[in-house]
1. Taking all protein chains together and a probe of 1.4 Å, list Met206, Met197 from the most accessible to the least accessible.
2. If one computes the Cα centroid of the stretch 1-58 and of the stretch 113-156, what distance in Å separates the two points?
3. Which whole-number value in Å³ per residue fits the convex hull of the alpha carbons of the stretch 138-260?
4. Under 8 Å for C-alpha pairs, at least 6 residues apart: give me the relative contact order for the chain, rounded to a whole percent.
5. What is the sum of charges around Gly53, taking Lys and Arg as +1, Asp and Glu as -1, for the other residues whose C-beta is under 15 Å from the C-beta of Gly53?
6. With a 1.4 Å probe and every protein chain left in place, work out the accessible area per residue of the chain in Å², rounded to a whole number.
7. Over the stretch 74-211, what relative contact order in percent results from Cα pairs under 8 Å that are six or more residues apart?
8. Rounded to whole Å and ordered largest first, report the semi-axes of the equivalent ellipsoid of the chain derived from its Cα gyration tensor (root of 5λ).
Amino acid sequence: MADRLYAGGEDYTKEFDPGDYLRTYYAFDSGPVAENEILKFNLENLFQTFSAGGIGGDVLIDIGSGPTIYQLLSACETFREIIATDYTEQNLRELQRWLSQEPGAYDWSPAVQYVCELEGDRSRWQEKEARLRRTVTRLLKCDVTKPHPLEPAQVPPADCVLTLLALESACANVDAYRAAMRGLVGLLKPGGHLVTMAVLHSQYYMVGDKKFFGLHLERETVEQAVRDAGCQVLRCDHRSLSYSTSFSISEGICFVVARKDPAI
């Protein structure tokens, strides 16, 4: 199956397996070193952005959550409400399993403990899990290829939009990536924050034995798309980290924090 390149919404609906994805990229200390380093890079940047950096408010919308919750572990301390979203029903079901503490739900406790250690008290990891479960109030379908990615759902203007490792999987070309970024910024209040992370120079990534499309992005392309959507880039952390075998020709990752123009 690895000879075929899966791309687009129909392929994701039919072929994307959340369990394979979680085992490949989020096994934490029991997984490949490269994957663990990238996960820790993201957790540390999210901690610096939300817990240490003070970005917070009423509503955070996470676009393209996938089947993961790690990206919300710091934000749940600084936002009153989190709305998680994804294109596929199977990813939303996987999220709901964890939120509902269903048998067989993915064990995120190593990542939760790591974030609690960053915050100064590793022992409060169960308290953090409970807080996140309270803070995630809605799971919604999203489609970033549409100008209004959450339609027909009605959502309040967000204080923050978060999207990690999502747009480069959903957008067929750079023009579509730029348009998707504009759609996400449209969800923000004036002066709200956009937080995004992208893999650079990707062509595909593996989920089990299936190869899924990844858009080739340069760091400059990511930053310019954010600016063109009406945001000021506040911080861009670029690291020469690459996934072990799952992404082709990856040239590192970048984590961007930006602020929407208050006049828009």
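1. Descending accessible area places them as Met206, Met197.
2. First find each Cα centre; the distance between them is then 14 Å.
3. 105
4. This gives 21 percent for the chain.
5. Summing Lys and Arg as +1 and Asp and Glu as -1 gives -3.
6. I get 42 Å² per residue for the chain.
7. RCO, the stretch 74-211: 23 percent.
8. 23, 23, 19
The values are calculated or read from the model by the stated rules, or taken from the named source; none is laboratory data. Since this is a predicted model, take the numbers as computed values, not measurements. Cβ coordinates were reconstructed from backbone atoms using ideal geometry, including for glycine residues, and neighbour counts include every protein chain displayed. Heads up: the accessible areas ignore ligands, DNA and RNA and are worked out on the full protein's heavy atoms, side chains in. Shrake-Rupley method; radii C 1.70, N 1.55, O 1.52, S 1.80 Å.
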